[in-house]
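Below: the structure, in structure tokens.
No value in this document is a laboratory result; all are computed from the given coordinates. Computed from a predicted model, the values in this text were never measured in an experiment. Here the Cβ is made from the backbone with ideal geometry for all residues, glycine too, and neighbour counts use every protein chain on show.
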Amino acid sequence: LEEGWEDEYLERLHATYRQRIRALDAALQAQLGSVVTYDAPTGGYFFWLRLPERVDGEDLLQHAAAHKVSFRPGVRFSGQGGLRNYIRLSFAYYEDAQLAEGVRRLREVVREVYPWTKLDTLRSGSPTTSMRSKRFSISSHSTRNCSSARRLPMQRWMPKPKPPSWRG
């Protein structure tokens, strides 16, 4: 801090996270775009994926170990047993190639456990035509303006955070 490197470090960190968001977004579009919906994050370190209603995140996780991929099922974040068809993916600690490989493995798990999904109609590695380009920002001082973004149901019942009170 005394050297004044904080701003430079934070900018590098923001650039790294922006790139990882783009990498994970591209991999999701290419590998799972026909079966998942999500909002690219504007803060934090996670993507929340909504899977088809009949897909259970806990069930997927049990099979994921065989493919050496992991995630957190949404039900673990619900006090009422909801969000069963949601999963949370982290991008914070992984390089672009690792993110792409993780999504490829996740695709194989979904295909194996839920063969009725539309994955066979999507060529591996090719993006869907319905995806829109997105602008990303991880800065806590800015927000993404995207009128076409679909909000996750959990955002409806989660209370809005209160701003911190600064007392000197």
Fill in the blank from the handout: Per residue convex hull volume, Cα only, segment 1-94, in Å³ is 122
Fill in the blank from the handout: Per the charge dipole of segment 32-78 (beta-carbon charges, Lys/Arg positive, Asp/Glu negative, Cα centre), the residue among Ala65, Trp48, Phe77 reaching farthest to the positive end is Ala65
Completion exercise
If the chain between Arg12 and Thr37 were fully extended at 0.36 nm per residue, the gain over the current Cα-Cα distance would be 6.1 nm
Practice task
Tell me the label-point distance for the pair Phe77, Glu95, using the 7 Å Cα-to-Cβ offset, in nm and rounded to one decimal.
Solution key: 2.7
Problem - Mean Cβ neighbour count within 10 Å, used as a protection proxy, ranking 65-71, 35-41 highest first - result: 35-41, 65-71
Problem - In order through segment 62-70: 3J(HN,Hα) via Karplus (6.51 cos²θ - 1.76 cosθ + 1.60), integer Hz, x for Gly, Pro - result: 4, 8, 5, 4, 5, 9, 6, 9, 9
Practice task
Would you mind getting me the FRET efficiency between Arg111 and Phe46? Use the beta-carbon distance for r and R0 = 41 Å, nearest 0.05.
Solution key: 0.95
